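Data first, discussion second: the structure below is written as structure tokens.
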Amino acid sequence: MNYYTFTSNGLKVKDFDIKHTIESAQPLTFYADYNFSDGTIEYPIGNKFLKAIILGTSKSSQVRLISNDLNSAKKDFVKRFRLNDDMQKIYDNIRTDEFMKKAVENYHGMRVTLNDPWETTLCFIMSQYNNVKRIRLIVKNFVAEFGTEILDEKGNLIGKSFPTSADLTKFNEKDFRRCGAGFRAKYITKAAEYCTNNLDLYKLENKNYENIMESLMEITGVGEKVADCIALMGYGKMEAFPIDVWVKRTLENIYFDGKEKRIKDLHKFAEEKWGNNQGYAQQYIFWLGRSNTFK
């Protein structure tokens, strides 16, 4: 069964809501340009630029893509927003109780995105002890300062690429602090060097979840929670269940009568309750818990 179909200039998609997806603090939140009033999002794909116009409802939407390489744009959009996912099957598996039913109802069509591994790593290193507005400011500064120019057919500047780890090795901690990274600048300096010279993030794509987590936590500044975010949104590992303060608090309030639980016990609970769909369950728990609308 197909959950999307290609059209001459884009796609038709079931169970997809761009606003819920982008607003839910995923990597594209931090550097893409979006305007939900007219349903548009723009972001770089390597040395090219993609603009998408999304119309319709979360049940059935039409995506018009504008790019100087339409075939690549279609492939990236399908991969990035996981349009091959059977959302109805996923929803059947994660709607285990009234809270999860409400989460799915409130945020129907929210996707867990699949992003470039380095892009995801940098974004989530930036996210530590930070808020979405501030993370977005810092990441957009990094793109503006360290990204490579993207030109249209006439040679006009239309944007900049997301800087690679190798791009960032040409700069130092002082440069990163100037972009607003603060104490994270030292972690970014070490991560850029390590991921350029010691760890090929792209060779991890065929590894299992445990091996990916082990490799990621060798990067300075990447602990279990950040590694879980990267495993989920950079490698598509649905066994990942990132637990931040919002997820921890929500799980404790909803499922344990407000009693404090150890992180490892919450991981075990999530695995037993949502199994191979726990990555999706986490994103819905995080966003409904973050909004406090479950009270």
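Specify the residue that is surrounded by the most Cβ atoms within 10 Å (Cβ to Cβ); the eligible residues are those in region 149-190 that are of a type outside the set (D, E, K, R) and at pLDDT below 95.
This residue is Gly159.
Can you name the condition, by its number, that Gly236 falls short on among (1) touching a helix residue (DSSP H, G or I) at 6+ places or on another chain (Cβ under 9 Å); (2) on the phi < 0 side of the Ramachandran plot; (3) not polar (S, T, N, Q)?
(2)
Is there a residue in region 215-224 that is without any contact (Cβ under 8 Å) to a residue 60 or more places away in the chain, surrounded by 21 or more Cβ atoms within 10 Å (Cβ to Cβ) and among the hydrophobic types (A, V, I, L, M, F, W, C)?
No, region 215-224 has no match at all.
Regarding region 13-32, can at least one residue be identified that is basic (Lys, Arg), farther than 30 Å from Leu251 by Cβ and within 21 Å of the chain's Cα centre (by Cα)?
No, region 13-32 contains no residue that is basic (Lys, Arg), farther than 30 Å from Leu251 by Cβ and within 21 Å of the chain's Cα centre (by Cα).
Quick check on this structure: which one of Lys273, Lys237, Lys268 is more than 23 Å from Asn106 (Cα to Cα) and touching a residue at least 24 places away in the same chain (Cβ under 8 Å)?
Lys237
Check Ala281, Ala240, Ala270 and return the single one that is of a type in the set (Gly, Ala, Ser) and either modelled with pLDDT under 95 or within 22 Å of Leu122 (Cβ to Cβ) (or both).
Working: Ala281 fails: either modelled with pLDDT under 95 or within 22 Å of Leu122 (Cβ to Cβ) (or both); Ala270 fails: either modelled with pLDDT under 95 or within 22 Å of Leu122 (Cβ to Cβ) (or both).
After ruling out the rest, the residue left standing is Ala240.
The values are calculated or read from the model by the stated rules, or taken from the named source; none is laboratory data. These figures come from a predicted structure and were not determined experimentally. When we count neighbours, we look across all protein chains shown, and the Cβ atoms used for this are built from the backbone with ideal geometry, even at glycine.
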